[in-house]
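For reference, the structure is listed below as structure tokens.
What follows is calculated from the coordinates using simple rules that are stated; it is not laboratory data. Bear in mind the structure is a predicted one, so any value in this text is a computation, not a measurement. We place every Cβ from the backbone using ideal geometry, glycine too, and count neighbours over all the protein chains shown.
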Amino acid sequence: MSIASDIQQIKSTLPPGVTLVAVSKFHPAEMIEEAYAAGQRVFGESKAQELTAKYEQLPKDIEWHFIGHLQTNKVKYIAPFVSMIHSIDSLKLLQEVDRQAARSGRTIPVLLQIHIAREETKFGLSAEECEELLQSEAFATLRHVTVCGLMGMATNTDDEEQVRSEFRAAHTLFASLKDKYFRGNEAFCRLSLGMSHDYRLALEEGSTMVRIGSLIFGERNY
Ligand SMILES: *Cc1c(COP(=O)(O)O)cnc(C)c1O
């Protein structure tokens with residue numbers, strides 16, 4: 001199977017309004033060009049340096065999404081061009097994104113990363129931490145970020161019911177935050193859930209953005 005046919009195959013299974021983020025981390029620019037030639041425009045990367053290098057090398061109408069853990073001192077490298085940051089996991093990071101977006105004369109769309117998995121190691125905010133952030137005076141002063149929704153990663157397990165319940169919890173939190181803090185705010189409409197092995201379940205539970213890497217580009221060599 002080629003990259004182009006894999007993308008077409010995945011896209012044909014996505015409901016209308018769902019965005020495919022092709023996760024190209026650790027893969028060379030040539031593979032991204034192949035996906036680009038097949039019409040793919042949204043790509044996901046997880047390292048600031050790698051993303052910046054690829055941005056410089058590749059067509060400028062690509063929408064780059066940052067999906068990995070982001071350190072505050074790296075925000076400045078991606079702020080001038082990044083289309084969306086999925087992995088906001090602290091107020092401090094969000095403040096730095098706002099500051100660097102202002103310096104670039106931009107407003108950056110972001111998602112709050114929530115912790116839904118059983119694993120301790122995955123980053124993300126609890127429901128309480130999300131609320132605290134959204135209620136804070138510091139958040140109210142930010143002018144150069146737009147909170148567009150939530151991102152979550154389910155536990156890496158074959159237990160479908162476990163994964164499904166985690167996605168469902170993310171959707172429930174999304175609906176409750178929308179009701180409490182984003183009523184009438186059309187920007188808050190994104191739920192980024194699902195990777196290669198669990199994106200079908202994520203779609204069934206209301207995902208509007210799937211982040212798919214290995215199913216398109218094959219295994220990564222770390
Ligand atoms: C790497 C990564 C993906 C893609 O994973 P695949 O299993 O290759 O589809 C999705 N989301 C995040 C946050 C990632 O880091």
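A few points about this structure:
- Cα-based Lys proximity count in the chain, under 25 Å, for pairs eight or more positions apart or on separate chains: 26
- Surrounding net charge for Leu111, when Lys and Arg each add one and Asp and Glu each subtract one, Cβ distance under 12 Å: +1
- For the range 82-106 versus the range 153-188, the gap between their alpha-carbon centres in whole angstrom: 22
- For the range 26-101, chymotrypsin sites (Phe, Trp or Tyr not before Pro) meeting the loop criterion (DSSP other than H, G, I, E, B) and having at most 11 other Cβ atoms within 10 Å: none.
- Coil-residue trypsin sites (Lys or Arg not before Pro) of the range 125-222, DSSP, other Cβ within 10 Å capped at 12: Arg143, Arg183, Arg220
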